[in-house]
Amino acid sequence: MNSPFARKNRVCTVFGGGIPLRGLTAVLMTTRALHNRLLACRRLLSPGVARRQEPLKRPRNAGTRRRLAASLVAPELAEKHRLIYLMSCFNAVITQFLGTAMDIDRIDARLIAEVQRNNRTPSEVLGETVGLSPTAVQRRLKRLRTEGVIESDVAIVNPKAIGQNVAMVVLVGLERERSDIIDHFKKAIRITPQVMAGYYVTGDADFVLIVTTEDMERYESFTRAFFYGNADVKWFKTMVVMDRVKASFALPIDAERFK
């Protein structure tokens, strides 16, 4: 089969085992807990071997190279090295997608939970909540913003108050799943103000968009320009939002998980 869906499900062979790319993508997009678990597994398996393979530097001594090569192919070590290398690969790719875990302690987590609810809370009130002085609270918040933990401070606006009366959830499928086509469509999403949120996803669709307009007539004009005017879009499916039950950017934070 040569359909885009078939290509999305093509099999990636890792050490002789087939892993569907759709499933692999789902694994890569899991939480940071998986990232931490992989790091722990690497340490538990064999710290000495993990240090020897990382970084991958060629030994200068020929005898050392021969002994290292012999150990890598020894039957009793083959499975151990396979697991270590496989987890190293997953660790590298997951780090690329999720980023390196930042140094956040329990107080940081409690501060983040508070400013997620209301980022206009005074430093004095935040300090009483987390047990710090207002100056210490300001220093921590500044660091969290500098490091990108707090990405932005925004206001959630009532869409009807500004005339945005219609919202749609739109599934989009592309003609071909090539990196340049995907990047081009991502760029179009970022620069289009009617698209409130866009997600590159697994499954039958390639993207899920949240679109808002004044009315259905304006949405029809939007579809002609954004979808029908793009030769790389194969299909799209619109679901009209009947009721905005919840609108929030707040993430669930369990401060007790942090040290």
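The values are calculated or read from the model by the stated rules, or taken from the named source; none is laboratory data. Everything quoted here is computed from the prediction, not taken from an experiment. Backbone-built Cβ (ideal geometry, glycine too); neighbour counts: all protein chains shown.
Data for the structure
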read-out: Unique residue being closer than 29 Å to residue 109 by Cα, surrounded by 10 or more Cβ atoms within 10 Å (Cβ to Cβ) and outside the structural domain of residue 123 (by TED's automatic domain parsing) when the list is 196, 216; value: 196
read-out: Close pairs from the range 231-246: first aliphatic (A, V, I, L, M), partner surrounded by 14 or more Cβ atoms within 10 Å (Cβ to Cβ) and part of a strand (DSSP E or B), Cβ under 6 Å, at least 6 apart; value: 239/169; 240/168; 241/167
read-out: Odd one out for residue 205 among (1) among the small types (Gly, Ala, Ser); (2) part of a loop (DSSP other than H, G, I, E, B); (3) loosely packed, with under 15 Cβ neighbours inside 10 Å; value: (3)
read-out: Members of the range 143-166 that are of a type in the set (Lys, Arg) and either farther than 16 Å from residue 118 by Cα or part of a loop (DSSP other than H, G, I, E, B) (or both); value: 143, 160
read-out: Candidates 183, 204 - the one that is charged (D, E, K, R) and more than 18 Å from the chain's Cα centre (by Cα); value: 204
read-out: Yes/no for residue 180 being in a helix (DSSP H, G or I) and either closer than 30 Å to residue 230 by Cβ or of a type in the set (Gly, Ala, Ser) (or both); value: yes
read-out: All positions within the range 208-217 that are touching a residue at least 24 places away in the same chain (Cβ under 8 Å) and out of contact with any Gly (no Cβ under 8 Å at 6 or more places or on another chain); value: 211, 212, 213, 215, 216
read-out: Some residue of the range 229-250 being surrounded by fewer than 10 Cβ atoms within 10 Å (Cβ to Cβ), out of contact with any Gly (no Cβ under 8 Å at 6 or more places or on another chain) and modelled with pLDDT under 90; value: yes
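Okay, residues lined up against (1) of a type in the set (D, E, K, R); (2) more than 28 Å from the chain's Cα centre (by Cα); (3) over 16 Å from residue 107 (Cα atoms):
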| site | (1), (2), (3) |
| --- | --- |
| 123 | no, yes, no |
| 144 | no, no, no |
| 153 | yes, no, yes |
| 162 | no, yes, yes |
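Let's see how each residue does on (1) surrounded by fewer than 14 Cβ atoms within 10 Å (Cβ to Cβ); (2) in contact (Cβ under 8 Å) with a residue 12 or more places away in the chain; (3) acidic (Asp, Glu):
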| site | (1), (2), (3) |
| --- | --- |
| 110 | no, yes, no |
| 116 | no, yes, no |
| 121 | no, no, no |
| 142 | yes, no, no |
| 147 | yes, yes, yes |
| 187 | yes, no, no |
| 191 | yes, no, no |
